[in-house]
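The values are calculated or read from the model by the stated rules, or taken from the named source; none is laboratory data. The model shown is predicted, which means the values in this text are computed figures rather than measured ones. Using ideal geometry, Cβ is built from the backbone for each residue, glycine included, and neighbour counts are taken over all protein chains shown.
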Amino acid sequence: MIISSKYSRHVGATLHEGDCRDFLRTIPRNSATLIVTSPPYNIGKPYETRRLTIDRYLHGQNEVINECARILHPRGSICWQVGNYVSDHEVVPLDILLYPKFKARGLRLRNRIVWTFEHGLHCKRRFSGRHETILWLTKSEEYVFDLDPVRVPQKYPGKRHFRGPNRGAYSSNPLGKNPGDVWSIPNVKANHPEKTIHPCQFPIELAGRLILALTRPGSLVVDPFTGVGSTGAAAVITGRRFAGAEVVPQYCRIARQRIAAAVEGSLRFRAFAKPIYVPPPDSPLLRRTDLEPEEIDSTSLRRNVGIRYPTVG
């Protein structure tokens, strides 16, 4: 597969180095089945040239959203993954501020997906943030959605109907269950196999789940803020076409390398639906107590950690 720098529907992967607004204007109307991206959050990361006022930030996002709505196929979807903007210790949820921009273009919200993870910055004056959100919107009431490729194992796979006409029959789908709108997928930190120099890297599995559910093989997936190419790699791995833009030259080079490695089958990435690691009971990573688990009760726990609960009586 040749990774082109200019969009063509005959090319399997396109990566433009430069402003995504310029690149999106080169893509014909109604071309993309899925637009999935994680834009900058305007929180002062190294790849952000400067921190903008929230109004200027939203104006820039609005320009990108306008072009995304133009190139989106009538049966297509937009998935916009964002976190929070923090100003003077006040948390501002970006998805809430951005939703009206999509709604103004007639896009319909299908899910507000919560992505949870275990690692991140540790806060001292509020609870540490361990989730971000994905706005999944469609252009019309007729849209691509295939649940089967992204089903997860049933919690009770052998459960049966206990009454009624289906008594005795299995009550769960043998292919697995709907993953719901809360997804626990590790973020890319430390020893994660996908880690690059990017400080806020998008996990391939997160993009991959959206691609598998919301597109068909051969469809065009677009990422306006490509970063180091996680969405592009996910598109190639799942047999889709990809088009994206990245303004930071170093990230663009890494994205090209990763997408090329995905084509060759040599890219290291965390397997989809892989269980999150749980240390064994004898692991030194686990914090030990003087009490065996069966000896711990609410009274000793309150005494040990200094918590005083109100009594009821």
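Evaluate the range 65-77: report whether one residue or more is assigned to a loop (DSSP other than H, G, I, E, B) and out of contact with any His (no Cβ under 6 Å at 6 or more places or on another chain).
Keep residues of the range 65-77 that are assigned to a loop (DSSP other than H, G, I, E, B), which gives none.
No, because not a single residue in the range 65-77 is assigned to a loop (DSSP other than H, G, I, E, B) and out of contact with any His (no Cβ under 6 Å at 6 or more places or on another chain).
Whether any residue in the range 45-52 is surrounded by 14 or more Cβ atoms within 10 Å (Cβ to Cβ), closer than 20 Å to residue 222 by Cβ and modelled with pLDDT under 95 is what I want to check.
yes
Can you tell me which residue within the range 81-119, out of those that are of a type outside the set (S, T, N, Q) and over 20 Å from residue 37 (Cβ atoms), is farthest from the chain's Cα centre (by Cα)?
Restricting attention to the range 81-119, the residues satisfying the condition of being of a type outside the set (S, T, N, Q) are 82-83, 85-86, 88-110, 112-115, 117-119.
Filter once more, so that each one left must be over 20 Å from residue 37 (Cβ atoms): 86, 88-91, 118-119.
Numbers: 86: 20, 88: 27, 89: 25, 90: 24, 91: 20, 118: 14, 119: 15 Å.
Residue satisfying both the conditions and the ranking: 88.
Right, residue 189: within 17 Å of residue 83 (Cα to Cα) and basic (Lys, Arg) or not?
Working: within 17 Å of residue 83 (Cα to Cα): yes; basic (Lys, Arg): yes.
So residue 189 passes the test.
Do you know which residues across the range 136-155 are farther than 8 Å from residue 77 by Cβ and hydroxyl-bearing (Ser, Thr, Tyr)?
Of everything in the range 136-155, just one residue is farther than 8 Å from residue 77 by Cβ and hydroxyl-bearing (Ser, Thr, Tyr), namely 140.
Do you know which residues across the range 1-11 are touching a residue at least 24 places away in the same chain (Cβ under 8 Å) and surrounded by fewer than 19 Cβ atoms within 10 Å (Cβ to Cβ)?
In the first step, residues of the range 1-11 are kept if they are touching a residue at least 24 places away in the same chain (Cβ under 8 Å); the result is 1, 3, 7, 9, 11.
Listed by number, the residues that qualify are 1, 9, 11.
Quick one: which of 90, 118, 67 is acidic (Asp, Glu) and surrounded by 15 or more Cβ atoms within 10 Å (Cβ to Cβ)?
Details: 90 fails: surrounded by 15 or more Cβ atoms within 10 Å (Cβ to Cβ); 118 fails: surrounded by 15 or more Cβ atoms within 10 Å (Cβ to Cβ).
Of the residues listed, the single one that is acidic (Asp, Glu) and surrounded by 15 or more Cβ atoms within 10 Å (Cβ to Cβ) is 67.
Output the number of the condition that residue 141 fails; it satisfies all remaining conditions of (1) more than 25 Å from residue 23 (Cα to Cα); (2) assigned to a loop (DSSP other than H, G, I, E, B); (3) touching a residue at least 40 places away in the same chain (Cβ under 8 Å); (4) not basic (Lys, Arg).
So residue 141 meets the others, but not (3).
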